[in-house]
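Below: one structure, written as structure tokens.
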Amino acid sequence: MSAYFDDLESRSADARAADMAVALPQQIARAQALAGYAQSLSGVDAASVRDAAALAALPVLRKSELGAAQAAAAPFGGFAAAPAAGFSHVFQSPGPIYEPGHTGADWWRMGRFLHAAGIGQGDVVQNCFGYHLTPAGHMFESGARAVSATVLPAGTGQTELQVIAGRDVGATAYAGTPDYLKIILEKADEMGVSLGISKAAVGGGALFPSLRSWYADRGIACLQCYATADLGNIAYESNATGGMIVDEGVIVEIVTPGTGDPVAPGEVGEIVVTSLNPNYPLIRFATGDMSAVMDGESPCGRTNMRIKGWMGRADQTTKIKGMFVRPEQVAALVARHAEVGKARVVASREGEMDVLTVHVESSGGTVDTYASSVIETLKMKGRIEICAPGSLPKDGLVIEDQRSYD
């Protein structure tokens, strides 16, 4: 098996930037031709959007907007390049949100991840992702075809049958959520069955270090990816296991939650993804997930940007004093004052009462000025603490709930 899935993975930074300068304007132009982007990309000069800096000036597309557009114009809300009949599959995720799919050309780009996990020709992949309505099962099956592996479309549940089928067909690899493989293996032990699984490609949940070690002790190399139904593969681990390498078919930004503004390198923020899929051009699609960019390149030789993996949810909406406070409101507070670089809302309790405290990183300004802005943007009174620029934690939180719910 070759070291890389293709030559894209080991491109130089200059080559990747040059390729982006060609692909990105083309993708913006495709999006502008779709009804879903009629307002958000109106007046944008597609030819000028050639790099991440220019991309960052465009509006963020949130899943709530996609859902509203689909409700008004089912199934894709004007964001796909063809009607339902133009795709081989239409999937449904909670919301409901509808996603298109194709059987050809590894639509979700999972082959790159499976190759990095050492899966290829001669492997039999026991695919334990669901095949019902949602696309996860098809995503991994498409990736397995891309690396010439055989698929056992096992789906979820019926663990005893999973053990029997895995034994009978000679499964060598597992695809599914991180914890379900452990359930299968423990059931196999209980049944006195020996399985030949030595590789695992997982997603859809956290792969805790203790679980990875448990698999390693049984001779199973377990790697994880970060993917969504809308975007397909976003980032994945290699055998170097040093963070997650961004897929070659997307552009990833890390932004301050509630905004489209990129954070400083290394800071935690919300993952925003632009897909280069020509049939489903999602531009600056906000995932709602948190991560941070890692320095340097992976030791495995893949040269694309790395992220730290999933680090929580960006939707920090919190009810304080009976009112919801959202990250967008905190962003609006910061935008009112040129001297303010960052703000952090903290919810706490004193006695039986909620307390709202707003920490403001500012090079000037007064408590009274910010107190007025808090009332206008957050719709309630709060304590104000003015902090020195750069003093607030760089953990991606703009709303911190310190109340105990035990």
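No value in this document is a laboratory result; all are computed from the given coordinates. What you are looking at is a predicted structure, and each value in this text was computed from that prediction instead of being measured. A quick note on method: Cβ atoms are made from the backbone with ideal geometry, for glycine too, and the neighbour counts reach across all protein chains shown.
Table for the structure above
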quantity: Sorted peptide list for 86-97, 324-335, criterion being average Cβ within 10 angstrom, highest first; calculated: 324-335, 86-97
quantity: Distant-in-sequence amide H partners of ASP401 (H built 1.01 Å from N, under 5 Å); calculated: ALA347
quantity: Virtual spin-label span in nm between ALA18 and GLU160, 7 Å along Cα→Cβ; calculated: 6.2
quantity: For the chain, the Rg and Dmax computed from alpha carbons only, in angstrom; calculated: 23.1, 73
quantity: Length added when fully stretched, SER2-SER348, from 0.36 nm per residue minus Cα-Cα; calculated: 119.1 nm
quantity: Cα-Cα over 23 Å, subset of LYS321/LYS394; LYS63/LYS321; LYS319/LYS379; LYS63/LYS342; calculated: LYS321/LYS394; LYS63/LYS321; LYS63/LYS342
quantity: Among SER275, PRO389, TYR236 - extreme Cα towards positive end, dipole of the chain, charges at beta-carbon; calculated: SER275
quantity: Normalised contact order of the chain, rounded percent, pairs of Cα under 8 Å and 6 or more residues apart; calculated: 12
quantity: Options SER194, ALA74, PRO25, ranked by Cα towards positive dipole end of the chain, top entry (Cβ charges); calculated: ALA74
quantity: Contour minus Cα-Cα distance for ALA57 and MET191 (0.36 nm per residue); calculated: 42.4 nm
quantity: Inter-label distance, nm, simple model (7 Å from Cα along the C-beta direction), SER48/HIS89; calculated: 4.0
quantity: Long-range amide H partners of VAL151 with built H, under 5 Å; calculated: VAL125
quantity: Spherically averaged projected area of the range 1-64 from its Cα convex hull (nm²); calculated: 6.2
quantity: Mean projection area, nm², convex hull over Cα of the range 74-126; calculated: 5.2
quantity: Centre separation in Å (Cα based) which lies between the range 381-400 and the range 118-152; calculated: 45
quantity: The chain - charge dipole about Cα centre, Lys and Arg +1 at Cβ, Asp and Glu -1, debye rounded to 20; calculated: 360
quantity: Table column - 3J(HN,Hα) (Hz), the range 248-260, Karplus curve with 6.51, -1.76, 1.60, x for Gly and Pro; calculated: 6, x, 9, 10, 10, 10, 10, 10, 5, x, x, 9, x
quantity: Span per principal axis, largest first, for the Cα atoms of the range 219-271 (Å); calculated: 44, 25, 17
quantity: Value of [θ]222 nm, deg cm²/dmol, for the chain, DSSP H segments ≥ 4, -39500 (n - 2.57) each, nearest 500; calculated: -7500 deg cm²/dmol
quantity: For the range 184-324, Kirkwood radius (reciprocal of mean inverse C-alpha pair distance, Å); calculated: 16.9
quantity: Debye log10 I(q)/I(0) at q = 0.11, 0.16, 0.18 Å⁻¹ for the range 1-159, Cα point scatterers; calculated: -0.60, -1.11, -1.21
